[in-house]
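Below is one structure, written out as structure tokens, with a few remarks after it.
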Amino acid sequence: MKPFACPSPSESLAGTRRAVTLVELLVAMGVGAVVLAILFNTFHQTQRLAIREITRNRQRQEAQILTHRISAILAGAVPLAALDLPSQPPEIFEPDRLRIVSWQGATADALWIHEVHAAAASDETQFVPIEITRLTLDGTPAPEQRRTTDLPFRAEFEYLPVGNAGPAAWQPSLGEGEFPSHVRITLTSRLGEDQVRPVVLSTVVATGARVLR
């Protein structure tokens, strides 16, 4: 008669092992899918925020460059009434268009007419690139003197006539013979798909007419 042998602990554990059921496998796969979905959504949201910030920074930089160019033109502005010229294109002071004589970029023998306007026909809801064109005093476009922004904006101008002061004196346009002492420039960028709000840059610039007074 053989003596009875007790199974070792390792043999007992081996005997109690069981295979993973299909339900447990599906549960594990479901948990993994949820974790991956959360990680993917987080990555997607982070990417969208990064693209939105890059877009806004580019719009802000473009608006600052355009504002600097227009400000330089206005700082050297000269009223046509102060010039003894036989004929020249009229000055324009409109809500979305500006034409003015300025020392900006002038040569030793000639001033320039600078015109700031939309590069294409626009209305209140349409954003287009803004164009700065330099003309000779007879209205002929100067060669290779046209600059257009890379991004679309809406440009708005307000004018404070010479001799007037106060918030109520600001006007959306000026008539013939009037000249602004200050111009308020407001640039608004087009709202992108991922943007919550557009970039709006507004500044007030004193014209060269203040120096001539």
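The values are calculated or read from the model by the stated rules, or taken from the named source; none is laboratory data. None of these values were measured; they are calculated from a predicted model. Here Cβ is always computed from backbone atoms with ideal geometry, including for glycine, and neighbour counts include all displayed protein chains.
Identify, by number, the condition in (1) at pLDDT below 85; (2) outside any helix (DSSP H, G or I) that residue 44 doesn't meet.
So the condition that residue 44 fails would be (2).
Would you mind telling me which numbered condition in (1) among the β-branched types (Val, Ile, Thr); (2) over 24 Å from residue 189 (Cα atoms); (3) exposed (fewer than 15 other Cβ atoms within 10 Å of the Cβ); (4) modelled with pLDDT of 80 or more residue 107 fails?
So residue 107 meets the others, but not (4).
So in region 131-152, with the set limited to residues that are surrounded by fewer than 17 Cβ atoms within 10 Å (Cβ to Cβ) and of a type in the set (Val, Ile, Thr), which one is nearest to residue 202 (Cα to Cα)?
Ranking the candidates gives 148 first.
Do we find a residue being of a type in the set (A, V, I, L, M), modelled with pLDDT under 75 and within 30 Å of residue 45 (Cβ to Cβ) anywhere in region 164-183?
no
Given the structure, is residue 73 farther than 24 Å from residue 181 by Cβ and either at pLDDT below 85 or in contact with a strand residue (DSSP E or B) (Cβ under 8 Å, 6 or more places away or on another chain) (or both)?
No; evaluated as a whole, the condition is false for this residue.
How many residues are buried (at least 18 other Cβ atoms within 10 Å of the Cβ) and not in a loop (DSSP other than H, G, I, E, B) when one looks only at region 153-185?
Looking only at that region, the number is 13.
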